[in-house]
Each structure stands twice: as C-alpha cells, then as structure tokens.
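The values are calculated or read from the model by the stated rules, or taken from the named source; none is laboratory data. Keep in mind it's a predicted model, so treat the numbers as computed, not measured. Here Cβ is always computed from backbone atoms with ideal geometry, including for glycine, and neighbour counts include all displayed protein chains. Ligands, DNA and RNA are excluded from the accessible area calculation, which covers all protein heavy atoms including side chains. Shrake-Rupley method; radii C 1.70, N 1.55, O 1.52, S 1.80 Å.
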Amino acid sequence: MSGPAEVRCMLMRGGTSKGAYFLADDLPTEETVRDELLLRVMGSPDPRQIDGLGGAHPLTSKVAVVSPSTDPEADVDYLFLQVAVDKAVVSDRQNCGNLLAGVGPFAVERGLVRAGSSETSVRIRMVNSGDFATATFPTPDGRVDYSGDTEISGVPGSAAAVVIEFPPREGQLLPTGNVSDTVAGIQVTCVDNGMPTVLIPAEALEVTGQEDPKDLETNGELTARLHEIRLEAGKLMGLGDVTETTVPKLTLLSPPRHGGAVTTRTFIPARVHTSIGVLGAASVAAGLRIEGSVAHGVAALPEEDDRLRIEHPSGFTDIESSIDRTPEGGLRARRTAVVRTARKIFDGTVFPVPPTGGRS
Ligand code: NQM
C-alpha cells in the first residue's frame, strides 16, 4: 500500500454513530490512496472488521475528514465517508448528521477553531451536500467539555449537548416534484431534507412498522420488495442507478405508539438503523409536514409546535422542523434543529498496515 504508515486519528462517537475523525491534511490527497488507507484503518472488507477500528455495522464504520473552510460562510469543511463493512467501498455519496455532532468539538481539539470561554459555535460546510450547519457546544475555560446531562435515545448515559441548527435549505424538498409517487406499485413520498429518503407506509408492505430491526432486515420478501422500490425511486429522484449507493434511504412509517408524531424503521439501505439518522429524521420530519404526503395520513402532528418526536427502534429523536414555500412556489425546509451529544473516545495514531519490526 502506498500512503503513510501511520496517521493521526481521533475516534469519536457522534450522536448514535461512531467514526474516525481526521484532519484532511493528515490524509493522502489522492482519493484512491486515501480510500485504500481508510479501508485498512476500518478493517474492511470483512463482516467482523476484526483487523481495524470498524464496529462491524455501517453505523460504526464511518469517517469524518475536517479542514479549514474556504467558504466565508463556514469555519470548517466536513467531508463524510461511509466505509462499507463487507465490501471494499468508500463512498462520499451520502452525508451523516450524526458524525456531524463531533465535527465542532474535533475542530476545536485540533486548533482549527478557537474555543469561546463558555460555549463555542462552529459553522460547518457539509462537503457531500453543500449544506451548512452550526454546532454549539460547551467549552468552559476554552476546552471542550463532553460531560453533561443530555440523554439521547440509543446512547447509554448522558453527555454535553451539541445543538445543531440547519439554515433554510436551497435544495429541492421533493426531488421528484410530486408529493407522492407510485413506485413499484406502492404509494410513496420521496423527500430530501439533507438525506434523500423514500417514505413508505409500513402497512402497504404488510408489516406493522414496529418490528425489531433484525426481523425486518432478515425478512427476504420485504427486502426484495424494498430493493425494487429503491431502484425505481432512485431514478425518479434523479440519483441514477442506486444499486451500489447508500442513498436513498427507505423509511417505513406507522402511527406513533409512545406519544410522538410517527413510528419509523429506516433501511440504510440494507441494514435497519438501530435509531434514525439526524438528516434522515430531518427528511422524515419535513415529509410529515407536507400536505398530501404519504406520511400525512399516518402521523399525529402537533398543532403549532415546530418540534416533532420521531419514534424509532431505540426510543425517539426530537427535531424542530418547519417548511415554507420558495418565491417560485416550491417547497423548502425553512429551519431544522436537533440536539445530539458527542464523545472523544481516543486520540492517537492509527496504523493502516501492521507495523513491521523495529517500529515501536
Ligand atoms: O441521516 C446513518 C447515522 C446515519 C446517517 C445512515 C445520519 C443522518 O445515523 O444524518 O446520521 O443513514 O446511514 O449516522
């Protein structure tokens, strides 16, 4: 393998995901060399990722590459890379709002952004989509404090809140131009509020929508149906042939069971998310707001409040979401905000290839 024999790396939990965070400057600039190195770092391809940092699930096989931004609207650029578990594939075709939670703290830790005396806001450009976000988190005495009393479903214990706010989004909320489409014989709504997502009433696929992730991802008849829907929806959404990509995601919707707005099960796209992605939740929330969407009939929407509670397999995600019309009459996401937490797990040196004798 060409590329460096050792690389500075920080392992962090961001929201309900875990990944390796790098400064762009610490990685090879050539993409094929970088990707080869990242596969080695994560231990892919191998279903157990036994020879690397990956956790044998797409949610724990992720990479964030951070650099100072050249955009005056942002402090840092964040490139997300999904490292496949059992394939030699590194993809920049999707974004990740969970790893996003660690980007601000990482930027402070690496000296890209100077910390405020009590809290710090970092403006982040998400390179994968061109979208922006601002993350605010505590930095007492100019140091990131990861401890706190904020709990998020899917993560044990509590930690400091990382408040993430997304400004109005320029992109098309309805990538097919329709509030609903018939895809592979099923009525769905294709929505994109940062994560291209196909919303599907669970009932239409003869499941309840509250099954365990394991039961859903091993249901051959269901997954074959979903594969067909995804390929067709991908084309309608302008994403081309999505056979090898991780977007669009597919979210099964059913009525809320615990006082929230809706119950979700999200295919990402082969495994079922153990909770829900941040941008996935943002897309679901925006979809719920759209009059005439398939979500509208299933969800229990709060009257005035911007805050929606999205139920998922390990609890719920509260998300603030509002939409409005553009001057041209299209729909857009006006505001999205969510609270996450993050944790620095280790900071050190990762060895993409096993060190040889003589190196300690
Ligand atoms: O939707 C998983 C995650 C994600 C993506 C996935 C995410 C998001 O939970 O913003 O964070 O959908 O592959 O990390």
* Structure fact -> Contour minus Cα-Cα span, Glu244 to Ala224, at 0.36 nm per residue, comes to 5.7 nm
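Please state, to two decimals, what the Cα-based radius of gyration of segment 73-138 comes to when divided by 2.2 N^0.38 Å (N = residues). Please list the in-between numbers first.
Working: Rg = 13.2 Å, N = 66, 2.2 N^0.38 = 10.8 Å.
Computed over Cα atoms of segment 73-138, the ratio equals 1.22.
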* For segment 168-289, what value does the Rg/Rh ratio take when both radii are computed over Cα atoms and Rh is the Kirkwood radius, given to two decimals? -> 0.93
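To the nearest µm²/s, what D does Stokes-Einstein give for the chain at 37 °C and 0.692 mPa s, using the Kirkwood radius over alpha carbon pairs as Rh?
159
So with the 1.4 Å probe, I'd like the accessible area per residue for segment 252-360, rounded to whole Å².
Per residue, segment 252-360 has an accessible area of 43 Å².
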* Structure fact -> For the Thr349, Arg114 Cβ pair and Förster radius 35 Å, calculated FRET efficiency rounded to 0.05 is 0.90
* Across segment 256-338, how large is the tail of the calculated P(r) beyond 22 Å, expressed as a percent of all Cα pairs? -> 22
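Would you please report the Å³ per residue occupied by the convex hull of the alpha carbon atoms in segment 79-223?
For segment 79-223, the hull spanned by Cα atoms encloses 163 Å³ per residue.
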* Within the set Lys249/Lys344; Lys87/Lys344; Lys87/Lys214, which residue pairs have Cα atoms separated by over 24 Å? -> Lys249/Lys344; Lys87/Lys344
* Carbon/sulfur fraction of accessible area - segment 161-218, other protein chains in place, 1.4 Å, % -> 47
* Asked: Roughly how many percent of the accessible protein surface of segment 1-123 is carbon and sulfur, given a 1.4 Å probe and a whole-percent answer?
  -> 45
* Please report, in whole Å, how far the alpha carbons of segment 1-63 spread along each principal axis, starting with the longest. => 29, 23, 17
* Asked: So for segment 263-354, taking the charge dipole from beta-carbon charges (+1 Lys/Arg, -1 Asp/Glu), which of Ala286, Gly330, Pro354 sits furthest toward the positive end?
  -> Pro354
